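Here's the structure we're looking at; comments come further down.
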Amino acid sequence: MKNIEINSVSISSISHATEDEDKVLEAIAYFLPENIDEENLEVETINSEGCFGNPIFIHKITIDKSKMAKKVFNHIMQLMKSNGKNITKLKKDIDLRIEKSKIYLRFDKQRAYLKECKLVDGDDIIRIIINFKIYVPKNKEQKVKELMLKELEK
């Protein structure tokens, strides 16, 4: 199979006023490989306001250098494979997570802080968007599905 090419990876989460912001950042960092070159990361924090006027911070890391994005993708795949339930869950609802050449993954933020990888559909999450380089004009969703399933079966 051809080598999987990745355009970018985006990792984001929300830190509420009641949460320790450092712990949220640590949970996000769990999805980055240890030897990542920080110069290739675009880190952004947006100050916002919750429903009841509480301050919230939206943390986002974007990796859009192809080689580094591939490294992050491989790391995330290894984390997902460490818990067989992730693969079962993803296979069950993969069509709901794909849009054009992107796959949207949501992980339990509390578990990530504890160095565990758990794919969820809840609200208190770390959201990861993987944008694949796909050169076919039609059926990009099908190609992403094939690439992800083959990667998870390795």
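Of note:
- The residues on offer are ILE6, ILE11, ILE46, and the sole one that is farther than 21 Å from LYS145 by Cβ, surrounded by 19 or more Cβ atoms within 10 Å (Cβ to Cβ) and among the hydrophobic types (A, V, I, L, M, F, W, C) is ILE11.
- Residues located in the range 104-140, provided they are of a type in the set (D, E, K, R) and crowded, with 17+ Cβ neighbours inside 10 Å: ARG106, ASP108, LYS109, ARG111, LYS118, LYS140
- For LYS81: the one exception among (1) surrounded by 14 or more Cβ atoms within 10 Å (Cβ to Cβ); (2) closer than 17 Å to ARG106 by Cβ; (3) not hydrophobic (A, V, I, L, M, F, W, C): (2)
This table checks each residue for (1) without any contact (Cβ under 8 Å) to a residue 24 or more places away in the chain; (2) not in a strand (DSSP E or B).
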{"residue": "PHE107", "(1), (2)": "no, no"}
{"residue": "LYS115", "(1), (2)": "no, yes"}
{"residue": "ILE126", "(1), (2)": "no, no"}
{"residue": "ASN131", "(1), (2)": "no, no"}
{"residue": "ILE134", "(1), (2)": "no, yes"}
{"residue": "LYS138", "(1), (2)": "yes, yes"}
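- Members of the range 50-65 that are over 26 Å from ASN40 (Cβ atoms) and exposed (fewer than 15 other Cβ atoms within 10 Å of the Cβ): GLY50, CYS51, PHE52, GLY53, ASN54, PRO55
- Hey, ILE94 assigned to a helix (DSSP H, G or I), in contact with a helix residue (DSSP H, G or I) (Cβ under 8 Å, 6 or more places away or on another chain), closer than 27 Å to TYR135 by Cβ and in contact (Cβ under 8 Å) with a residue 24 or more places away in the chain or not: yes
- Residue tally, condition at pLDDT 90 or above, hydrophobic (A, V, I, L, M, F, W, C) and closer than 13 Å to LYS71 by Cβ, over the range 12-59: 2
- Which numbered condition ILE36 fails, given (1) surrounded by fewer than 17 Cβ atoms within 10 Å (Cβ to Cβ); (2) within 25 Å of ASP121 (Cα to Cα); (3) of a type in the set (A, V, I, L, M, F, W, C): (2)
Residue-wise test of (1) modelled with pLDDT of 95 or more; (2) of a type in the set (Lys, Arg).
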residue	(1), (2)
THR88	no, no
LYS91	no, yes
ASP95	no, no
LEU114	yes, no
ILE125	yes, no
TYR135	no, no
LYS150	no, yes
LYS154	no, yes
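- Residue match in the range 66-75 (condition: crowded, with 17+ Cβ neighbours inside 10 Å and either of a type in the set (S, T, N, Q) or touching a Ser or Thr at 6+ places or on another chain (Cβ under 7 Å) (or both)): yes
- THR62 meets the conditions (1) over 15 Å from TYR30 (Cβ atoms); (2) over 14 Å from the mean Cα position of the chain (by Cα); (3) among the polar types (S, T, N, Q); (4) at pLDDT 95 or above in every case but one. The failed one is (2).
The values are calculated or read from the model by the stated rules, or taken from the named source; none is laboratory data. This structure is a prediction, so every number in the text was calculated from the model and none was measured. Note: ideal-geometry Cβ built from the backbone for every residue, glycine included; neighbour counts use all protein chains shown.
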